[in-house]
Amino acid sequence: MEFDTIAAISTPSGEGAIAIVRLSGPEAIGIADRIFRAPSGKSLASQATHTIHYGHLNDPWTEEIVEEVMVSFMKGPKTFTREDVIEINCHGGIVSVNRVLSLVLRAGARLAEPGEFTKRAFLNGRIDLSQAEAVMDLIRAKTDRAMDVALNQMEGRLSKLIGTLRQALLESIAQMEVNIDYPEYDDVEEMTRPIMLEKAQWVRAEIDKLLQTSSQGKILREGLSTVIVGRPNVGKSSLLNSLVQENKAIVTEIAGTTRDIIEEYVNVRGVPLRLVDTAGIRETEDIVERIGVERSRKVLKEADLILYVLNYSEALTPEDVLLFEAVKGMDYIVVINKTDLPQKIDLAEVQKLAGDKQLITTSLIEEEGIDQLEEAIAKLFFEGSIESGDMTYVSNARHISLLHQAHTTISDAIEAAQMDVPVDMIQIDVTRTWELLGEIVGDTADDGLLNQLFSQFCLGK
Ligand SMILES: Nc1nc2c(c(=O)[nH]1)N(C=O)[C@@H](CNc1ccc(C(=O)N[C@@H](CCC(=O)O)C(=O)O)cc1)CN2
Ligand SMILES: Nc1nc2c(ncn2[C@@H]2O[C@H](COP(=O)(O)OP(=O)(O)OP(=O)(O)O)[C@@H](O)[C@H]2O)c(=O)[nH]1
Ligand SMILES: [K+]
Ligand SMILES: [Mg+2]
């Protein structure tokens with residue numbers, strides 16, 4: 001495909017040692033040669049591909065020097081976009097890099113849209129859609145593990161598996177086609193069903209396996225939504241501050257200090273937590289506090305993990321017992337805080353209410369127990385679940401939704417095949433499954449979707 005030539009600043013804005021302005025397209029080299037002056041007087045076009053050259057950028061209309069640069073020259077198709085690519089390495093000041101960009105635009109390039117370089121890599125067939133999405137995940141990854149998942153997907157692991165599944169479906173579609181075309185041969189029909197069933201069941205099992213990785217994959221990408229709850233003044237905000245190692249939430253001795261939801265992102269031993277501090281839950285006449293309490297109850301329901309805080313120095317109250325009811329069936333850890341004060345709580349009673357959930361005692365004031373809590377969180381998350389590093393995870397909400405839909409359609413096909421439904425009816429479900437899986441890799445994706453996906457990228461990517 002032939003496109004115009006695009007340009008953008010590909011490094012973050014702000015001061016740095018070096019910044020890069022990248023060009024891609026059929027005119028990239030011509031535009032660069034219009035403004036680049038090497039000491040040798042040689043043009044870039046006359047150089048070997050994948051080489052870097054020192055020189056100056058001049059305004060071609062006045063021959064005034066604009067910048068001192070290093071220019072990388074990469075001829076397609078062995079490039080990021082498969083097109084001719086020029087990368088201008090200039091000084092990393094805001095004025096410098098903007099000057100270079102505006103010079104390049106005046107010399108004939110068009111300002112790229114967000115994600116347009118990666119979009120071209122996709123449109124020119126270097127990568128598929130799931131690999132392109134992985135490029136963005138990689139940039140946004142906040143932990144090592146999240147980066148490994150993205151890297152793995154970028155290398156095409158998921159794409160390859162999806163390709164294999166689609167191939168199996170295609171083979172059974174072809175088999176059914178024979179059946180539909182030659183209905184007079186009964187033995188073909190007899191052969192078709194078992195072959196089709198076996199393939200469909202295998203595909204469904206593989207989709208199941210992928211979906212099993214999705215909750216972890218999603219957490220690695222988006223963070224484990226962790227909500228701190230408990231009665232007023234037990235030390236919820238103190239706990240948030242301890243985990244993020246900063247005074248982000250207001251702590252006072254007044255019960256009802258936290259009124260609004262406070263959210264902080266923190267990496268606990270490789271587990272990304274989206275940590276939420278809430279208003280202490282109690283009956284209250286204060287309207288503002290009451291709204292806060294309502295919100296606490298709401299976010300509680302959406303949590304992946306709950307840190308339920310109790311006061312070591314107070315006997316359990318009826319409210320505490322009610323909260324145990326509210327978190328029933330969810331993942332939670334009981335944090336019993338203020339162990340520096342005299343014990344009033346009955347630990348055996350707490351353990352009875354908590355069942356098999358873990359109890360951790362802390363004194364946040366004396367900075368005790370945080371290590372044990374972090375370990376409990378990491379253990380809960382990683383226990384028996386994270387396997388070898390070379391596992392294929394699905395972490396992307398779009399992929400997960402498509403896999404769920406494909407699971408439904410292939411299950412329909414399996415059920416129909418078992419119930420002696422005519423083959424051409426089954427074929428519709430198998431074909432739909434093939435299409436849904438195709439959307440993951442972008443084989444059957446429409447323009448609207450592509451534009452929406454790529455526009456979420458950073459500028460210059
Ligand atoms: N200066 C610079 N650094 C960068 C990038 C870039 O675009 N420019 N990247 C941008 O994200 C990343 C590297 N990713 C890249 C991925 C593919 C190709 C590429 O040229 N692929 C060709 C040729 C491979 C080969 O030589 O064998 C290909 O796959 O056909 C280049 C960079 C990170 N570092
Ligand atoms: N002695 C002692 N005091 C603590 C400990 N942790 C927190 N506190 C104190 O307990 C009081 C309440 O702490 P907060 O963190 O504001 O409690 P909270 O649960 O967020 O309270 P609300 O937002 O009002 O619901 C403050 O005065 C803290 O300094 C602890 O381990 N020991
Ligand atoms: K308080
Ligand atoms: Mg608070």
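Odds and ends about this structure:
- Of the listed requirements (1) touching a residue at least 40 places away in the same chain (Cβ under 8 Å); (2) crowded, with 19+ Cβ neighbours inside 10 Å; (3) not polar (S, T, N, Q), Met74 misses just one: (1).
- Among the conditions (1) part of a helix (DSSP H, G or I); (2) surrounded by 17 or more Cβ atoms within 10 Å (Cβ to Cβ); (3) out of contact with any strand residue (DSSP E or B) (no Cβ under 8 Å at 6 or more places or on another chain), Val178 misses just one, which is (2).
- Here the condition is being within 15 Å of ligand 4 (Cβ to nearest atom), assigned to a strand (DSSP E or B), crowded, with 16+ Cβ neighbours inside 10 Å and not assigned by the TED database to the domain that holds Thr317; of Val276, Val227, it holds for Val227 alone.
- Selected residue (only one of Gly280, Gly270 is within 16 Å of ligand 3 (Cβ to nearest atom) and at pLDDT below 90): Gly280
- Qualifying residue in the range 41-55 (condition: in a loop (DSSP other than H, G, I, E, B) and surrounded by 18 or more Cβ atoms within 10 Å (Cβ to Cβ)): yes
- Residue within the range 261-281 that is polar (S, T, N, Q), within 16 Å of ligand 2 (Cβ to nearest atom), in contact (Cβ under 8 Å) with a residue 24 or more places away in the chain and within 23 Å of Leu380 (Cβ to Cβ) present: yes
- Considering residues of the range 222-240 that are more than 8 Å from ligand 2 (Cβ to nearest atom) and small (Gly, Ala, Ser) only, the residue farthest from Asp304 (Cα to Cα): Gly223
- Exactly one residue out of Lys328, Lys357 is away from ligand 4 (no atom under 16 Å from the Cβ), crowded, with 18+ Cβ neighbours inside 10 Å and among the basic types (Lys, Arg), and it is Lys357.
- The residue list Gly256, Gly235, Gly270 contains one member that is within 11 Å of ligand 4 (Cβ to nearest atom) and out of contact with any strand residue (DSSP E or B) (no Cβ under 7 Å at 6 or more places or on another chain), which is Gly256.
- Scanning the range 1-40 for residues that are aliphatic (A, V, I, L, M) and outside any strand (DSSP E or B) yields a total of 8.
This table checks each residue for (1) more than 37 Å from the chain's Cα centre (by Cα); (2) crowded, with 16+ Cβ neighbours inside 10 Å; (3) touching a residue at least 24 places away in the same chain (Cβ under 8 Å).
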residue	(1), (2), (3)
Leu243	no, yes, yes
Thr258	no, yes, yes
Ser296	no, yes, yes
Pro318	yes, no, no
Val334	no, yes, yes
Asn337	no, yes, yes
Gln343	yes, no, yes
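- Complete set of residues in the range 88-129 that are of a type in the set (S, T, N, Q) and more than 14 Å from ligand 1 (Cβ to nearest atom): Ser96, Asn98, Ser102
- Hey, Leu243 within 16 Å of ligand 2 (Cβ to nearest atom) and on the phi < 0 side of the Ramachandran plot or not: yes
The values are calculated or read from the model by the stated rules, or taken from the named source; none is laboratory data. This is a predicted model, so every value here is computed, not measured. Every residue, glycine as well, gets a Cβ built from its backbone with ideal geometry; the counts of neighbours run over all protein chains shown.
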